[in-house]
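Written out below as structure tokens is the structure these notes cover.
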Amino acid sequence: MQDDNKRFVERDRNWHPPAYAPGYKTTVARSPRQALVSLQNPTISERSGPDFRRLRMGPHDNDLLLNFRQDPTQGQGLPVGERIIMFGRVVDQFGKPVPHTLVEMWQANAGGRYRHKNDNYLAPLDPNFGGVGRCLTDEEGWYRFRTIKPGPYPWPNDPNSWRPSHIHVSVMGPSISTRLITQMYFEGDPLIPLCPIVHTINDPDAVETMIGRLDMARSKPMDCLAYRFDLVVRGELQTYFENQ
């Protein structure tokens, strides 16, 4: 008799948007015009490693309030904005934890601007906020970041397109080729249903997998709110990952 707990459950590929989505204008240039090439014989480096169990993290790699302070002698040197905790578990389709995997994140600051040379949005850069962090999951698959809630920002998709507040998240699998990337939106954000990128996802259940939920039990009184964002890396309940 087959053990259902070991049976692979394939995800619903109808979740994934088409490569060419005219409402999301950058897909016009990015979408392939010819059939994709299948890589039948991946190399060893594409099928194995890296192993992050011995990766040494800095003391504030997962604390974006402290990992980019430019001049701590000038006041507290803390970034401006709503302080939050982002946390969750990385699990497989049956809830089994994925330990010792690298979780990376990057985001805009509270004004909606990235620390990137190509970001010319008029919101100012925060001298005490870099917008990037990383951590390893523990034995039970938990990860945790302390950061600032990112602001929404306009983008030139049409005359008045705005991205909802979001945090980009990367989860590294057993090899470089299995890296997964998604975005965490915030529960209740009215910009989510208006976003042209979100509109490319036809299934509302897929959108729901990308929404972080307010968790008052993990919030810190008089300090910060907490948002839980679990990452399911495979199967029919998989989190929607944009690079698949």
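Brief remarks on what is shown
- Virtual paramagnetic centre 7 Å along Cα→Cβ of LEU55, amide N under 15 Å, in region 149-169: 169
- Solvent-accessible area per residue, Å², over the chain with all protein chains present [probe radius 1.4 Å]: 59
- Amide H contacts under 5 Å for HIS100, placed H, 5+ residues apart: THR137, ASP138, GLY141
- Most mobile of ASN202, ASN67, ASN160 in a GNM of the chain (Cα contacts under 10 Å): ASN160
- Top of PRO99, PRO79, PRO124 by mean-square fluctuation, Gaussian network on the chain, Cα under 10 Å: PRO124
- More than 21 angstrom apart: percent of Cα pairs within region 6-238: 63
- Computed extension gain for SER38 through TYR121, at 0.36 nm per residue and net of the alpha carbon distance, reaches 26.0 nm.
- Point-charge dipole on Cβ atoms (K/R +1, D/E -1) for region 6-238, about Cα centre, debye to 20: 480
- Accessible surface for TRP155 stands near 40 Å², nearest 10, in the context of the full protein assembly shown (1.4 Å probe).
- Of the residues ALA110, ALA29, ALA226, the one that moves most in a GNM of the chain with alpha-carbon contacts below 10 Å is ALA29.
- Positive-end ranking of PHE241, ILE167, HIS116 along the dipole of the chain, with charges on Cβ about the Cα centre, is headed by HIS116.
- With a threshold of 31 Å on the Cα-Cα distance, the over-threshold entries among LYS96/LYS117; LYS117/LYS220; LYS117/LYS149; LYS96/LYS149 are LYS96/LYS117; LYS117/LYS220.
- Within the accessible area of the chain (1.4 Å probe), percent carbon and sulfur: 54
The values are calculated or read from the model by the stated rules, or taken from the named source; none is laboratory data. The model shown is predicted, which means the values in this text are computed figures rather than measured ones. FYI the Cβ positions are ideal-geometry reconstructions off the backbone, even for glycines, and counts take in every protein chain you see. These accessible areas exclude ligands, DNA and RNA; they are computed on the full protein's heavy atoms, side chains included. Shrake-Rupley method; radii C 1.70, N 1.55, O 1.52, S 1.80 Å.
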